[in-house]
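Right, one structure below, let's go through it.
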Amino acid sequence: MFEAEILTLAQSVLDACRARGWHVATAESCTGGLVAGALTALGGSSDVVERGFVTYSNEAKSELLGVAPETIAAHGAVSAEAAAAMAQGALARAPVDLTISVTGVAGPGGGSVAKPVGLVIFGLARRNGPCRTERHVFDGDRSVMRQGALQMALELLAAEARS
C-alpha cells in the first residue's frame with residue numbers, strides 16, 4: 001500500500017520514538033489519515049502510535065481537537081494558527097508525548113494567491129515543550145501533494161523524535 005521510502009521513514013519515526021519511550025498521535029486534515037496509516041502499516045507500531053484524529057471538516061477540528069471556531073474564522077483552516085491548535089489539541093486529548101498536525105489545500109480547486117493549491121501547514125507539539133509550525137507548498141496534482149505531505153510529516157516526526 002505504501003512505497004518502500006515511506007515505510008522506511010515510518011520505521012525511523014517508530015524507532016526514534018521507541019528509543020525515547022514516546023507515544024505519538026496524529027491530527028490530519030488534507031492527508032485523511034495517511035500519516036497514521038503509514039505508521040501503523042508496520043508491525044509493532046502499537047507501542048508508539050496511540051491514536052489518530054482525522055478532522056477533515058472545520059467542525060471536526062473544533063469538536064475533536066478543540067480548535068476554536070474563532071481561530072478558523074480569523075485565519076482559516078489552512079493556517080499556522082489552525083495547525084498549531086490542531087497539534088496542541090491532539091496533545092491535550094491523548095496520552096502522548098508528540099503530535100503532528102497536517103492541514104492544507106489539496107485541490108484541484110479551493111486555492112487562492114495567499115493559499116495556493118498544494119499549500120500544507122504542519123504543526124508539531126511536544127509534551128512539556130514548544131509547538132511549532134512549518135509551511136510547505138507541493139507541486140503536482142492532489143495525489144502528488146498528499147504523498148509529499150505524508151513524506152514531510154514523517155520526516156518532521158522523525159527529526160523531532162531524534163532531537
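The values are calculated or read from the model by the stated rules, or taken from the named source; none is laboratory data. Every value quoted in this text rests on a predicted model; they were computed, and no experiment measured them. Using ideal geometry, Cβ is built from the backbone for each residue, glycine included, and neighbour counts are taken over all protein chains shown. Surface areas here come from the heavy atoms of the whole protein model, side chains and all, with no ligands, DNA or RNA. Shrake-Rupley method; radii C 1.70, N 1.55, O 1.52, S 1.80 Å.
The table for this structure:
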read-out: Some residue of the range 54-65 being outside any helix (DSSP H, G or I), touching a residue at least 24 places away in the same chain (Cβ under 8 Å), farther than 20 Å from Val13 by Cα and of a type in the set (A, V, I, L, M, F, W, C); value: no
read-out: Residue check for Thr40: of a type in the set (Ser, Thr, Tyr), more than 27 Å from Ser143 (Cα to Cα) and free of Cβ contacts under 8 Å to residues at least 40 places away in the same chain; value: no
read-out: Candidate set: the range 10-51, residues that are open to solvent by less than 50 Å² (accessible area, probe 1.4 Å) and part of a strand (DSSP E or B); chosen: the one farthest from Leu98 (Cα to Cα); value: Glu28
read-out: Residue match in the range 31-41 (condition: of a type in the set (Gly, Ala, Ser), more than 14 Å from the chain's Cα centre (by Cα) and over 17 Å from Thr55 (Cβ atoms)); value: yes
read-out: Subset tally (residues that are of a type in the set (S, T, N, Q) and under 12 Å from the mean Cα position of the chain (by Cα)) for the range 109-163; value: 2
read-out: Test: Val35 is touching a strand residue (DSSP E or B) at 6+ places or on another chain (Cβ under 7 Å), at pLDDT 95 or above and not basic (Lys, Arg); value: yes
read-out: Matching residues in the range 142-156 - criterion: being exposed (fewer than 14 other Cβ atoms within 10 Å of the Cβ) and of a type in the set (A, V, I, L, M); value: Val144
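Table: residues versus (1) in contact with a Gly (Cβ under 6 Å, 6 or more places away or on another chain); (2) over 14 Å from Thr26 (Cα atoms); (3) in a strand (DSSP E or B); (4) among the polar types (S, T, N, Q).
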{"site": "Ala85", "(1), (2), (3), (4)": "no, no, no, no"}
{"site": "Ser101", "(1), (2), (3), (4)": "yes, no, yes, yes"}
{"site": "Gly109", "(1), (2), (3), (4)": "no, yes, no, no"}
{"site": "Arg132", "(1), (2), (3), (4)": "no, yes, yes, no"}
{"site": "Arg135", "(1), (2), (3), (4)": "no, yes, yes, no"}
{"site": "Ala153", "(1), (2), (3), (4)": "no, no, no, no"}
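For (1) aromatic (Phe, Trp, Tyr); (2) crowded, with 21+ Cβ neighbours inside 10 Å, each residue gets a yes or a no:
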position	(1), (2)
Phe53	yes, yes
Lys61	no, yes
Ala74	no, no
Pro95	no, no
Ala114	no, no
Leu124	no, yes
Arg132	no, no
Gly140	no, no
Ala158	no, no
